[in-house]
Amino acid sequence: MFKKVFSFILTSICLFALITPIQAQENSENIGLTAQYAVAIDAKSGLVLYNKNMDERMYPASMTKVMTVIVAIEMMESLDTATTITQSDIDTVWETGASSANFEVGEAVTYYDLLLGAILPSGADATRALANNLCGGQEAFVDKMNETVKKLKLKDTNFVNTTGIHDPNHYTTVHDMALIVKYAVQNEQFREVYSKRFATSSNGLHQWVNKSMYNAGRSHIDTSNIIGCKSGYTDVAKNCLASLDKVGKMRSLQL
């Protein structure tokens, strides 16, 4: 089991029918959860259903890209806007060991391609390109991310990059992350990107799969109720996972 798994559940009350122990065992490890940090909150009310160290500071790894993508979407006039990949979009991606959507300098793409590249293969090149195109640089875009942190009144979150590459000053809590995802999935365009299991870029040069879903399938894990998910990993953060689930007629989000 992962050393650290960041769990957030945005759902309706019917979740109790499937995860009965969570409703009554707040801050308990007796449900078999080995995650170091976890939280479950109701999707509509934000009510905390379960928590384990939910207010302790931790590192979000590529969960960061949830914030990157929702901030980018809110700045876009059209997802079909065309752009070209530049050297600055791919700078430091390989040097830092970040995941890549494998865009190449000079490649013609759309903003929608960049959103897909950020979520499915967790491409740092995609998030850098979003920041460069929408704000003219990384720092200005990160400022927008932190403005959203303030808007959501998050208690202990600060971003210093768009990718989730480890930095001591790039941190959050699982409760704050749950609120970020709760906010993001209210956006229809975000949900569309987040729910993709596989996609082909508009230029036909790339085929991506959701790595979390792919790995779960290889491990024979039932993913039929998962609407969408996003994973992440750094040496410090360890494994992170977020999933939007359907429980009966209701939706739940687990990170």
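Net charge around Arg128, counting only other residues with Cβ within less than 9 Å of its Cβ (Lys, Arg = +1; Asp, Glu = -1)?
On the way: positive: none; negative: Asp89, Asp91, Asp125.
Once positives and negatives cancel, what remains is -3.
What order do you get for 232-241, 72-81 when each peptide is scored by the mean count of other beta carbon atoms within 10 Å, highest first?
Working: 232-241: 19.2, 72-81: 15.3.
Highest mean packing first, the order is 232-241, 72-81.
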Around Ile85 (Cβ within 11 Å, Cβ-to-Cβ, excluding Ile85; K/R +1, D/E -1) the net charge comes to -4
Name the residues whose placed amide hydrogens come within less than 5 Å of the amide hydrogen of Ser231, ignoring near sequence neighbours (fewer than 5 apart) on the same chain.
Ser212, Ala242
Starting at the first residue of the range 95-112, write each ³J(HN,Hα) from the Karplus equation 6.51 cos²θ - 1.76 cosθ + 1.60 with θ = phi - 60°, in whole Hz, x for Gly and Pro.
4, 8, x, 6, 5, 9, 8, 6, 5, 10, 4, x, 6, 8, 9, 10, 4, 4
Per-peptide average of other Cβ atoms within 10 Å, ordering 121-130, 106-115, 146-155, 92-101 highest first:
121-130, 106-115, 92-101, 146-155
Using alpha carbon centers only, the range 65-89 is separated from the range 180-220 by a whole-angstrom value of 16
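Please compute the net charge surrounding Gly137, taking Lys and Arg as +1 and Asp and Glu as -1 over other residues with Cβ under 13 Å from its Cβ. Walk me through the intermediate numbers first.
Details: positive: Arg128, Lys144; negative: Asp89, Asp91, Glu139, Asp143.
Net charge around Gly137: -2.
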Need the list of aspartates and glutamates near Lys150 for cross-linking: C-alpha distance under 19 angstrom, and skip anything on the same chain fewer than eight residues off.
Asp55, Glu56, Glu74, Glu139, Asp176
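FYI, it's all coordinate maths here, none of it is from the lab. Model, not experiment: these values are computed from the prediction. Positions of Cβ are backbone-derived with ideal geometry, glycine not excepted, and every protein chain shown enters the neighbour counts.
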